[in-house]
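For reference, the structure discussed in these notes is given below.
What follows draws every value from the coordinates through simple rules; no lab data is involved. Because the structure is a prediction, the values reported are computed rather than measured. Here Cβ is always computed from backbone atoms with ideal geometry, including for glycine, and neighbour counts include all displayed protein chains.
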Amino acid sequence: MKFGLNLNHHHMLTSRSVINSVSKLALRYFSSQFKLPELRNFKPATYETWNLEKIRKVHGKHLNPCLLTIYQNPPILVQGKMQYVWDEKGRQYLDLFGGIVTTSVGHCHDRLVKALTDQAGKLWHTSSLYVYDEIYRFTDKLLGKFPSQLNNVFFCNSGSEANEFAILLARLHTQSYEMISLRNCYHGCSPNTMALGGIGTWKYPIPGLPGFHHTTCPDPYQGRFGGSKCRDSLIQTTRDCDCPSGDNCQASDKYIQDLDQVLTTVVPKGRIAGFIVESILGVGGFVQFPSNYISKAYEKIKQQGGLFISDEVQTGFGRTGTHYWGFQAHGIVPDIVTMAKGIGNGFPLAAVVTSEEIASSMKKALFFNTFGGNPLACRIGSEVIDIIDDEKMQENSSIQGKKLLIGLGKLRDKYPDVIGDVRGKGLMIGIELVKDKETKKPIDPKGFASILEQFKDNGLLIGKGGPSGSVIRITPPMCLSAADVDVTLQIADHIFSTYRHVD
Ligand SMILES: Cc1ncc(COP(=O)(O)O)c(C=O)c1O
């Protein structure tokens, strides 16, 4: 059966965990000792759904076999409001993953529901061959969030499409073909973005596309170089650092030497189309690079005539707290910025922003996207930006993110043989789980699965990532409250205090 995780995992656990895990299997709705904060003036409804057995039949037999669900014993989610979701039995969960970094301003935010229903009653769709003002209003609003030279937008529906377009744009503009990305990165599941990607589990055994090259992921915790002063974060790795204090991070220089090698050995000199990077790796496990890596990589790429592409699909729209876009923390202005996920709070919407000069390279042919920038999508996109501003969600990301990060950092110090690293910025926080602190080998997958399951059974939905699937990813809607952070830390402390490694 493809549904969920292996139910036999409890054979591998210590006796105490076996009891926990067996009781979990038997008692799907066991009550947690922790109580989640309640939303004022909100009463969740109950909904009729198919039961799990019936769902499983369709899921296992008729749905795309790659659609794996994260839990062995999944709740059926029927309702969401702001940072919470409820299952079919009315049980509340704190959504700490936000539908994979997508629910940016909160589930069924009142203002978005109003904007959506209002627009749906007026005009859902017409082609961009016709004139309607929602696309111009949204363009104006979105570009207001960028430095003035980034003044041209292309709308589409997904992050993969946005990155496909960025590759095409970089190639057309530079008249060069070679693209460079990081090992460990993920930029989508379309043919070219799969080729950009650097994680083996997302690659099929078919011939790779020409023109894609990878450089070392500058990971200060697991990588060849790193230390305890590298990251632009409140929490550093526990790794020793030999760098002198100040800006002169040797780890970033060493990783840049790898990029230099790629530039001098595997691509034609001076003929690269572009370099694409996230300012904090998303699917790759929320790896934060040594502070100066991005600015130094930018210089190298520009020297060789390439375009610098910032993938803000996960890091954009204020999530990192200090800035609206991840690249802004690195003192650079990219040539192309791609965005999706949080831009629509769950509505299919994505965009590519670039300069007028670069955009004009597209004029050589016609290029069209049926749904990109349709009235409904643009109305929602505009409302999301207004909500982030009006409700100070970027500031909230910064405040709650700090509190959570510091609390989780303390848990890492308390449980060093399972929590190897805690990292991130704003409400984009990763917890890398290990077998032990010396080898830093990834936690056993069954151990990870049991931890994930326990978080869920205590009311917290968290995410998973990293090349070995050993990183907990926390990216809640940016309306997370201080009380949510408190209960998250209490539950995490409880789970890690009882966790024992698989023998
Ligand atoms: C950084 C990044 N870029 C691109 C994508 C692809 O986006 P989509 O799934 O909307 O195609 C993702 C999706 O997870 C992502 O995390």
| Once every DSSP H run of n ≥ 4 in the chain is given -39500 (n - 2.57) and the sum is divided by its residues, what mean residue ellipticity at 222 nm do you get, rounded to the nearest 500 deg cm²/dmol? | -10500 deg cm²/dmol
| request: Kindly work out what percent of the DSSP beta bridges joining two residues of the chain are antiparallel, to the nearest 5. | output: 65
| field | Charge dipole (debye, nearest 20) of segment 359-503; +1 at Cβ of Lys and Arg, -1 at Cβ of Asp and Glu | value | 580
| said: What does the C-alpha gyration tensor say about the overall shape of the chain? Classify as rounded when a/c is under 1.5, otherwise prolate if a/b is larger than b/c, or oblate. | reply: oblate
| request: Enumerate the aspartates and glutamates that residue 89 could reach by cross-link, defined here as Cα to Cα under 15 Å, with residues fewer than 8 away along the same chain left out. | output: 48, 457
| note | Yeah, segment 362-439 with a ≥ b ≥ c from its alpha-carbon gyration tensor (a/c under 1.5 is rounded, else prolate when a/b outruns b/c, oblate otherwise) is oblate
| said: Rounded to the nearest 5, what % of DSSP beta bridges with both residues in segment 159-337 are antiparallel? | reply: 15
| field | Computed label-point distance, nm, for sites residue 363 and residue 493 using a 7 Å Cα→Cβ extension | value | 6.3
| So if we plug the beta-carbon distance of residue 41 and residue 68 into 1/(1 + (r/R0)^6) with R0 = 41 Å, what FRET efficiency do we get, rounded to 0.05? | 0.65
| said: What does the charge count around residue 471 come to, taking other residues whose C-beta lies under 10 Å from its C-beta (Lys +1, Arg +1, Asp -1, Glu -1)? | reply: +1
| field | GluC sites (Glu not before Pro) within segment 41-120: DSSP coil, no more than 12 neighbouring Cβ in 10 Å | value | 48
